[in-house]
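K.L.:
Sharing a structure, written as structure tokens. Questions coming.
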Amino acid sequence: MRAYRALARTSAKNALTYRTSFALGLFGVGFQLVALLAVWRVLLEDGSAVNGFTWPQMRGYLLVAFASGALVGLLADFRMSFRIHSGLVALDLVKPVRYQEARFAEALGAVWIEALVVLGVVGVTVAVSGPLPLPEGGELALFITSVVLLVPLKFLVVYLASLASFWTQNYIGVQWARVAIVNLFSGALVPLAYLPGWLATVATWSPFAGMTSTPGLILIGRVDGSQAALLVAAQLGWVVLLWYGAKLLWRGALRRLTVNGG
């Protein structure tokens with residue numbers, strides 16, 4: 001564990017050292033939050049509800065979407081893809097650590113910094129626009145559990161997309177596709193309730209829903225009790241499935257690795 005803790009510390013130091021890149025990445029997510037808050041405020045502030053969402057609920061939901069976008073290394077995928085395309089990944093293979101666990105440790109290293117930014121943005125939003133609706137008792141515990149599970153779930157989605165670099169010459173297209181798919185099926189752009197019925201059902205039980213929709217709906221009280229517990233259980237199940245699925249894909253990816261012609 002000492003090696004993984006060292007990787008986590010190094011990742012945190014990199015985030016603090018390269019503050020401009022780190023801040024620009026967060027700015028993009030923050031700008032999306034401001035834009036969506038402005039749009040939904042116009043639509044809902046008069047007290048009306050669209051598909052059952054009131055303005056206070058939508059405000060809380062969008063803050064969860066912001067947290068989902070801000071957490072887990074905004075530049076982690078580019079760092080991994082660069083090392084794969086440049087051949088530097090060969091150096092990672094000779095280190096006495098497991099590749100997937102090492103990348104996860106790096107992602108966790110900067111999470112506390114990103115979490116502080118998220119708490120700051122949430123605090124400012126609450127101060128400007130009023131308190132958030134919060135769940136109580138068991139639902140609050142489920143919400144916290146869902147937010148914790150969001151971290152490994154997002155890492156795994158980013159990590160799996162980054163492994164595509166073993167098969168592609170350019171990662172930009174993969175990254176754009178991943179962002180588009182995640183934003184739609186996680187509910188980050190609009191709640192899944194606004195999608196057509198069949199598509200909303202597919203998205204609800206996909207791994208992406210656990211990145212925004214599940215914690216967001218629990219926070220604002222749209223799901224509770226056994227339904228909330230079932231969604232969190234699905235979130236946990238996807239974390240386990242994707243973790244071991246990523247290990248299988250990694251084995252296949254290694255067969256594609258070519259460094260200096262070998």
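K.L.:
For segment 26-46: of the residues being surrounded by 18 or more Cβ atoms within 10 Å (Cβ to Cβ) and under 19 Å from the mean Cα position of the chain (by Cα), which is modelled with the lowest pLDDT?
P.N.:
To start, the set of residues in segment 26-46 that are surrounded by 18 or more Cβ atoms within 10 Å (Cβ to Cβ) comprises 26, 29, 33, 36-37, 40, 44.
Of the ones still in play, those that are also under 19 Å from the mean Cα position of the chain (by Cα) are 26, 29, 33, 36.
Working: LEU26: 68, VAL29: 76, LEU33: 83, LEU36: 86.
That would be LEU26.
K.L.:
Sticking with this one: Looking at segment 130-146, can you tell me whether even one residue there is small (Gly, Ala, Ser), modelled with pLDDT under 85 and within 22 Å of LEU43 (Cα to Cα)?
P.N.:
The answer is yes; a qualifying residue exists.
K.L.:
Where residues in segment 139-181 are among the β-branched types (Val, Ile, Thr), more than 11 Å from the chain's Cα centre (by Cα) and farther than 14 Å from THR212 by Cα, which of them is surrounded by the most Cβ atoms within 10 Å (Cβ to Cβ)?
P.N.:
The residue in question is VAL174.
K.L.:
Scanning segment 195-253 for residues that are assigned to a helix (DSSP H, G or I) and basic (Lys, Arg), which turns out surrounded by the fewest Cβ atoms within 10 Å (Cβ to Cβ)?
P.N.:
Across segment 195-253, the extreme among qualifying residues is ARG251.
K.L.:
Moving on to the next point. From the list GLU114, GLU101, GLU106, GLU136, pick out the single residue that is farther than 17 Å from LEU33 by Cα, of a type in the set (Asp, Glu) and crowded, with 20+ Cβ neighbours inside 10 Å.
P.N.:
Numbers: GLU114 fails: farther than 17 Å from LEU33 by Cα; GLU101 fails: crowded, with 20+ Cβ neighbours inside 10 Å; GLU136 fails: crowded, with 20+ Cβ neighbours inside 10 Å.
Only one candidate qualifies: GLU106.
K.L.:
Going by the conditions given, is ARG83 crowded, with 18+ Cβ neighbours inside 10 Å, touching a helix residue (DSSP H, G or I) at 6+ places or on another chain (Cβ under 9 Å) and part of a helix (DSSP H, G or I)?
P.N.:
Judged against the criteria, ARG83 is not a match.
K.L.:
Restricting segment 185-194 to residues that are under 24 Å from GLY138 (Cα atoms) and not in a helix (DSSP H, G or I), which is nearest to the chain's Cα centre (by Cα)? Show your work before the answer.
P.N.:
As a first pass, look at segment 185-194 and keep what is under 24 Å from GLY138 (Cα atoms): 186-187, 191-193.
Add one more test, that the residue is not in a helix (DSSP H, G or I), and what stays is 187, 191.
Working: GLY187: 12, PRO191: 16 Å.
The qualifying residue nearest to the chain's Cα centre (by Cα) is GLY187.
K.L.:
While we're here: Report, ordered by the first and then the second residue, all pairs with beta carbons closer than 6 Å, sequence separation of six or more or different chains, a first member in segment 199-213 that is closer than 17 Å to ALA233 by Cβ, and a second member that is in a loop (DSSP other than H, G, I, E, B) and not β-branched (Val, Ile, Thr).
P.N.:
Once the first residue is closer than 17 Å to ALA233 by Cβ and sits in segment 199-213, its partners that are in a loop (DSSP other than H, G, I, E, B) and not β-branched (Val, Ile, Thr) give SER213/GLY187.
K.L.:
Return the residues of segment 47-68 that are modelled with pLDDT under 85 and small (Gly, Ala, Ser); say none if nothing qualifies.
P.N.:
GLY47, SER48, ALA49, GLY52
The values are calculated or read from the model by the stated rules, or taken from the named source; none is laboratory data. What you see is a predicted model; the values in this text were computed from it and never measured. Virtual Cβ from ideal backbone geometry, glycine too; neighbours counted across all protein chains shown.
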